[in-house]
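Notes to accompany the following structure.
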Amino acid sequence: MHAAVDVYYPAAGGATAALVIAAEPTFTTVLAEHTATLAEVAPYQPGAFATRELPAMRAVLRGAGRIDLLVIDGYVHLDPDGRPGLGAQAHAEFGVPVIGVAKTAFRGASHAIEVHRGGATRPLYLTAAGIPAQDAADLVRRMSGPYRLPDALRRVDALSRGAPVTTAVAGAP
């Protein structure tokens, strides 16, 4: 199973994590969706983003079953020397390959592979752990959706924010 995850932090506090699960790595057919809400989260601290994000990711992944690949909105490594980002910490914690898909360039992340999708002029920035980065970039190019950001990441973002999602889930009425 392949999963995409995102976490949203409402102004009122806490966090909502969303997870989309698909049988194939292109996320063409979504099999399940999960959300988990935490009433309290650690405050934001530069350089310690995982301290804030991982508890929400743990909560939403808890009932997901076996996951073979995790796609996140963000970086796996923050520089070519391997300084760990959220994705590296998720890879270490959950023991699965992680693909980081970032929407903005991070200073120092010169190793990130630029991927263009959907006719967009602005690239996505790909980093990975547990899977070769070029293979991860090729996979993201093939992921479902006509836009710059793959549908799986657009979907978890909307779910985490409580927005209605219109794409059908396999097996749903």
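The values are calculated or read from the model by the stated rules, or taken from the named source; none is laboratory data. What you are looking at is a predicted structure, and each value in this text was computed from that prediction instead of being measured. Every residue, glycine as well, gets a Cβ built from its backbone with ideal geometry; the counts of neighbours run over all protein chains shown. The protein model used for the area step is the full one, side chains on, heavy atoms only, and it has no ligands, DNA or RNA in it. Shrake-Rupley method; radii C 1.70, N 1.55, O 1.52, S 1.80 Å.
Numbers below:
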| item | result |
| --- | --- |
| Residue match in region 131-152 (condition: in contact with a strand residue (DSSP E or B) (Cβ under 6 Å, 6 or more places away or on another chain) and in a loop (DSSP other than H, G, I, E, B)) | no |
| Within region 1-68, strands (runs of 3 or more DSSP E) holding 2 or more residues that are touching a residue at least 12 places away in the same chain (Cβ under 8 Å) and open to solvent by 60 Å² or more (accessible area, probe 1.4 Å) | 30-38 |
| Enumeration of residues in region 25-41 that are over 16 Å from R62 (Cα atoms) and among the polar types (S, T, N, Q) | T26, T28, T29 |
| Every pair of residues 6+ apart whose Cβ atoms lie under 8 Å, when the first sits in region 150-161 and is touching a residue at least 24 places away in the same chain (Cβ under 8 Å) while the second is assigned to a helix (DSSP H, G or I) and crowded, with 20+ Cβ neighbours inside 10 Å | P150/V140 |
| Selection count where residues are among the aliphatic types (A, V, I, L, M), open to solvent by 20 Å² or more (accessible area, probe 1.4 Å) and over 21 Å from Y9 (Cβ atoms), scope region 69-105 | 2 |
